[in-house]
Amino acid sequence: SADQILSFLDAGKIITPSGKGIDTPIHSICVHGDSEGAVAIANRVKERLEQAGYKLVTLPEVMGQG
């Protein structure tokens, strides 16, 4: 969910279901297109990230090819 992604980004780590944090830089987010409601989920995540001040870029831009 958008809240979970924001918590990962704010903490700079992935938070496991048990609450343990795994330090990692987060450079990309993947929403699986075959998930039910994937388009709505992706739109909500995009909206929440932009509201929080994150800049969204394409994968080629992340990879230095854009």
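No value in this document is a laboratory result; all are computed from the given coordinates. This structure is a prediction, so every number in the text was calculated from the model and none was measured. Backbone-built Cβ (ideal geometry, glycine too); neighbour counts: all protein chains shown.
Each of I22, A2, G64 was placed along the dipole of the chain (beta-carbon charges, centred on the mean Cα), and the one lying farthest toward the positive end is I22.
Mean separation of Cα pairs under 8 Å and 6 or more residues apart, divided by the residue count, gives the chain a relative contact order of 26 percent. In segment 2-62, the inverse of the mean reciprocal separation of distinct Cα atoms equals 12.6 Å; this is its Kirkwood hydrodynamic radius.
Each helix, a run of at least 4 DSSP H residues, gives -39500 (n - 2.57); summed and divided by the residues of the chain, these come to -12000 deg cm²/dmol at 222 nm. Among the GluC sites (Glu not before Pro) within the chain, those in coil by DSSP and having at most 10 neighbouring Cβ atoms inside 10 Å are E36. Label positions at K55 and S18, each projected 7 Å from the Cα along the C-beta direction, are separated by 3.8 nm.
Charge dipole (Cα centre; +1 on Lys/Arg Cβ, -1 on Asp/Glu Cβ; no other charges) of the chain amounts to roughly 120 debye. Sparsely packed loop sites in segment 29-62 (the trypsin sites (Lys or Arg not before Pro) outside DSSP H, G, I, E and B with at most 13 other Cβ atoms within 10 Å) comprise K55.
For the pair R48 and C30, the difference between a 0.36 nm per residue extended length and the Cα-Cα distance amounts to 5.0 nm.
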